[in-house]
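K.L.:
Attaching a single structure in structure tokens format; questions to follow.
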Amino acid sequence: MPRPKKTRFVSGYPVMSAFVPDGIPITGEMTISIEGMEAVRLSDFEGLDQESAAGRMEISRQTYGRVLAEARQTIATALVTGKTLRIGGGMYELRGQGRCRRRRRGGR
């Protein structure tokens, strides 16, 4: 029996819920999870190393690396192939105003 997935902590829900190609026919849709977006934000936007970013999300560095690699692959595929990129779902806990909310795959 596989280990249950550990909840990943994110600091906030992304401002955007989707990115849509402009000026070309849309060839489909891809979805990046909330925790994937948080991993990209921490590494690529805030410039944190994987150890620090994993600590913020309260997951192992190995798990963080897998989440980040999957998110980057999804983003690259959407950009190169002209697909809409949706942000949502995942297994995360949202922190904000002193309280946390649990979210499961597919939920908002």
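K.L.:
Pairs under 7 Å by beta carbon, first residue closer than 27 Å to Val20 by Cα in region 58-84, partner at pLDDT below 95 and polar (S, T, N, Q), six or more apart or different chains?
P.N.:
Thr81/Thr27; Gly82/Thr27; Lys83/Thr27
K.L.:
On the given criteria, is Thr77 modelled with pLDDT under 95 and among the hydroxyl-bearing types (Ser, Thr, Tyr)? Talk me through it step by step, then tell me what you get.
P.N.:
On the way: modelled with pLDDT under 95: no; among the hydroxyl-bearing types (Ser, Thr, Tyr): yes.
Considered against the rule, which asks whether it is modelled with pLDDT under 95 and among the hydroxyl-bearing types (Ser, Thr, Tyr), Thr77 comes out as no.
K.L.:
Okay, next question. Restricted to region 1-23, and to residues that are among the β-branched types (Val, Ile, Thr) and at pLDDT below 90, which residue is surrounded by the most Cβ atoms within 10 Å (Cβ to Cβ)? Spell out how you get there, then give the answer.
P.N.:
Taking region 1-23 first, the residues among the β-branched types (Val, Ile, Thr) are 7, 10, 15, 20.
After this cut, where a residue has to be at pLDDT below 90 as well, the list is 7, 15.
On the way: Thr7: 18, Val15: 6.
The extreme case among them is Thr7.
K.L.:
Shifting gears a bit: Tell me the residue from Ile34, Ile26, Ile59 that is modelled with pLDDT under 90 and of a type in the set (Val, Ile, Thr), please.
P.N.:
Working: Ile34 fails: modelled with pLDDT under 90; Ile59 fails: modelled with pLDDT under 90.
Selected residue: Ile26, the only one of Ile34, Ile26, Ile59 that is modelled with pLDDT under 90 and of a type in the set (Val, Ile, Thr).
K.L.:
Another question, then. Could you figure out which of (1) of a type in the set (Val, Ile, Thr); (2) more than 20 Å from Arg95 (Cα to Cα); (3) at pLDDT 95 or above isn't true of Val40?
P.N.:
(2)
K.L.:
Of the conditions (1) farther than 29 Å from Gly82 by Cβ; (2) surrounded by 16 or more Cβ atoms within 10 Å (Cβ to Cβ); (3) touching a helix residue (DSSP H, G or I) at 6+ places or on another chain (Cβ under 7 Å), Glu51 satisfies every one except a single condition; which number is it?
P.N.:
(2)
K.L.:
To continue, here is another question. Checking Met37 against (1) more than 24 Å from Arg56 (Cα to Cα); (2) surrounded by 17 or more Cβ atoms within 10 Å (Cβ to Cβ); (3) of a type outside the set (Asp, Glu), which test does it fail?
P.N.:
The one condition Met37 does not meet is (1).
K.L.:
Do you know which of the residues in region 83-108 that are small (Gly, Ala, Ser) and surrounded by fewer than 13 Cβ atoms within 10 Å (Cβ to Cβ) is modelled with the highest pLDDT? Write out each step before concluding.
P.N.:
Restricting attention to region 83-108, the residues satisfying the condition of being small (Gly, Ala, Ser) are 88-90, 96, 98, 106-107.
In the following step, the residues that additionally are surrounded by fewer than 13 Cβ atoms within 10 Å (Cβ to Cβ) were identified as 96, 98, 106.
Numbers: Gly96: 58, Gly98: 43, Gly106: 51.
Among those that are small (Gly, Ala, Ser) and surrounded by fewer than 13 Cβ atoms within 10 Å (Cβ to Cβ), it is Gly96.
The values are calculated or read from the model by the stated rules, or taken from the named source; none is laboratory data. Since we're looking at a predicted model, the values are computed, not measured. A quick note on method: Cβ atoms are made from the backbone with ideal geometry, for glycine too, and the neighbour counts reach across all protein chains shown.
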